[in-house]
Amino acid sequence: MRKPNLLVVCPPDHYVLRNLDAIRDDAEIFVGNDTGALSRHAADAEIVLYSGLTGATVDFPEVWKHAKRVQWVHALSAGVEKVLFPELIESPVPLTNAKGVFKRSLAEFAVLGMLYFSKRVRRLVENQRAHQWDDFKVDWLPGKVMGVVGYGEIGRECAMLAKALGIKIYAARRKPALSKEDAILDRIYGADQLDEFLHELDTLLLAAPLTPQTQHMIGETQFRAMKPSAIVINVGRGPLIDEAALVRALQEKTIAGAALDVFETEPLPKSSPLWDMENVLISPHCTDRTQNPDWLDLAMEPFVENFRRFAKGEPLINIVDKRAGY
């Protein structure tokens, strides 16, 4: 049986390529991270694996101009906003991704964010550093309300872990009927009820993808709709939040705090006020970068599974709605 041609956009010496050993006997593989070399090999490619998480940025739209035989593209990341461009969106070629691969680690960060503020962890650490016995009162989580915006794989995993701590779970989504029977949810809101939804929350959990509709969906108006005691946790994409409005809300105590894994500009500029705020917990977009199991090995699992499906003519998993952007 003829082997399909696989074009892999990745530095040729990257350790993530060890995962290709599982299919090496079943594919003709070219690996590169140079736009010119990739463009020359794109003409024969039937499958494209776009790493996106490794190495320097490649001009993928330029490579795509030469990829006339491609039948399937896979993005190693869960977010696909950096992979999508008009020609790929308009083409009939399916795009798949690593949807859900990092959901547990991100959900653990969400729980950490809530515990960080409710148990006043910063004060604990500072007291320990100062050898100071400063007993104080802390909060607890049972009965609190976490509202999820972006109730997909990641959002639901965050909700599931929070639910185990006795937290009530609300969600806001464009199609609330899709979650009508979800046992995790205590309440479901439509997208047009966002202000009412925000007013109820102790924690706002953002796990939505970045699209033109979700960019800056949380700004000054939304912060003012929230309780002064509420915290914001973002494990989705940085631009979901208007960061300048977030800084003002934190400075003016419109909200109580924020636990952030993602930012509008990454790396977060050294000049950002967020670095010096005592009511902010910063993760440098690494809370999904697990060591054991390795995060990139995990990210490769859907691709290997889909390659086997592709070879057998079976339906692919994790198909992206290219027009919706997720």
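With a threshold of 21 Å on the Cα-Cα distance, the over-threshold entries among 144/253; 180/322; 99/144; 82/163 are 180/322; 99/144; 82/163.
The order of 243, 301, going from fewest to most other C-beta atoms within 10 Å of their C-beta, is 301, 243. Matching the structure-derived Kirkwood radius over Cα pairs in Å against the labelled list (1) 21.4; (2) 20.2; (3) 20.7 gives the label (1). The translational diffusion coefficient of the stretch 103-282, from Stokes-Einstein at 20 °C and 1.002 mPa s with a Kirkwood hydrodynamic radius over alpha carbon pairs, comes to 130 µm²/s. If you run the Gaussian network model on the chain, springs between alpha carbon atoms under 10 Å, then out of 200, 181, 264 the most flexible one is 181. A full extension of the chain between residue 178 and residue 319 corresponds to an added length of 48.9 nm, given 0.36 nm per residue minus the alpha carbon distance.
Can you grab the distance from the C-alpha centre of the stretch 28-90 to the C-alpha centre of the stretch 202-238, Å, no decimals? The two parts, judged by their Cα centres, are 32 Å apart. Taking a straight line from the alpha carbon of residue 65, these aspartates and glutamates sit under 17 Å away, with near neighbours fewer than eight places off in the same chain left out: 34, 44, 46, 87, 90.
Net charge of the neighbourhood of residue 105, taken over other residues with C-beta under 12 Å away and scored Lys/Arg +1, Asp/Glu -1, is -2. Pairwise Cα distances in the stretch 88-194 exceed 16 Å for 67 percent of all pairs.
Take the Cα of residue 309, go 7 Å toward its beta carbon, and the backbone nitrogen atoms of the stretch 35-72 under 14 Å from that spot belong to 72. With neighbour counts taken as other beta-carbon atoms within 10 Å, the residues 39, 91 rank, fewest first, as 91, 39.
With contacts taken as Cα pairs under 8 Å at a separation of at least 6 residues, the chain carries a relative contact order of 16 percent.
Rule-based calculations on the coordinates, nothing more; no lab input. No experiment lies behind these values; they were computed from the predicted model shown. Note that we place each Cβ from the backbone using ideal geometry, even for glycine, and neighbour counts take in every protein chain shown.
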